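Single-structure report; data block below.
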Amino acid sequence: MKKGPKKKPGAYTRKKIIDEFTDLEISRQQKWQLRRAKEGRCVICGEPKVTAWHCLKHAIANREWARKYSGSKRRNNTLTYRLASEVKGKAAKKRK
């Protein structure tokens with residue numbers, strides 16, 4: 001079996017993103033998250049964000065994780081509860 005010609009090292013590389021996060025001494029994943037946050041997108045999935053870092057879906061997941069972690073029993077009227085109820089109300093109206 002014959003192999004193709006060898007490529008030069010670095011012959012195919014993606015264009016490097018140059019911005020304020022490029023020279024930071026942090027992981028590439030953290031840079032990706034910071035870029036998404038700056039663009040106003042969820043740092044997990046890229047959807048438009050409703051809290052400082054997350055879209056509604058991931059904000060609710062984070063809230064429930066934090067409630068379980070801290071052992072919370074009460075559900076306060078916080079931003080994620082209000083937004084979730086608005087979305088449910090809009091979805092119910094669309095069905096009718």
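Each reported figure results from applying straightforward, stated rules to the coordinates on display, with no laboratory input. Here the structure is a predicted model, which means the values were calculated and not measured. Neighbour counts are summed over all protein chains in view; Cβ atoms, including those assigned to glycine, are modelled from backbone coordinates with ideal geometry.
Criterion first (touching a residue at least 12 places away in the same chain (Cβ under 8 Å) and loosely packed, with under 14 Cβ neighbours inside 10 Å) does residue 13 satisfy it?
Details: touching a residue at least 12 places away in the same chain (Cβ under 8 Å): no; loosely packed, with under 14 Cβ neighbours inside 10 Å: yes.
No: the conditions fail for residue 13.
Being surrounded by 14 or more Cβ atoms within 10 Å (Cβ to Cβ), of a type in the set (A, V, I, L, M) and free of Cβ contacts under 8 Å to residues at least 24 places away in the same chain is true for just one of 50, 43. Which residue is that?
Working: 50 fails: free of Cβ contacts under 8 Å to residues at least 24 places away in the same chain.
Selected residue: 43, the only one of 50, 43 that is surrounded by 14 or more Cβ atoms within 10 Å (Cβ to Cβ), of a type in the set (A, V, I, L, M) and free of Cβ contacts under 8 Å to residues at least 24 places away in the same chain.
Select from the range 21-36 the residues that are among the polar types (S, T, N, Q) and either surrounded by fewer than 15 Cβ atoms within 10 Å (Cβ to Cβ) or over 20 Å from residue 58 (Cβ atoms) (or both) and list them in ascending order.
Quick first cut of the range 21-36, residues among the polar types (S, T, N, Q) only: 22, 27, 29-30, 33.
Listed by number, the residues that qualify are 22, 27, 29, 30.
Those residues that are farther than 28 Å from residue 32 by Cα, loosely packed, with under 10 Cβ neighbours inside 10 Å and not charged (D, E, K, R), I need them from the range 53-88; list them, please.
Selection gives 70, 71, 76, 77.
Tally up the residues in the range 38-66 that are hydrophobic (A, V, I, L, M, F, W, C) and more than 8 Å from the chain's Cα centre (by Cα), please. Talk me through it step by step, then tell me what you get.
Within the range 38-66, the first condition is being hydrophobic (A, V, I, L, M, F, W, C), and the residues that meet it are 42-45, 50, 52-53, 55-56, 59-61, 65-66.
Filter once more, so that each one left must be more than 8 Å from the chain's Cα centre (by Cα): 50, 52, 56, 59-61, 65-66.
Residues in the range 38-66 being hydrophobic (A, V, I, L, M, F, W, C) and more than 8 Å from the chain's Cα centre (by Cα): 8 in total.
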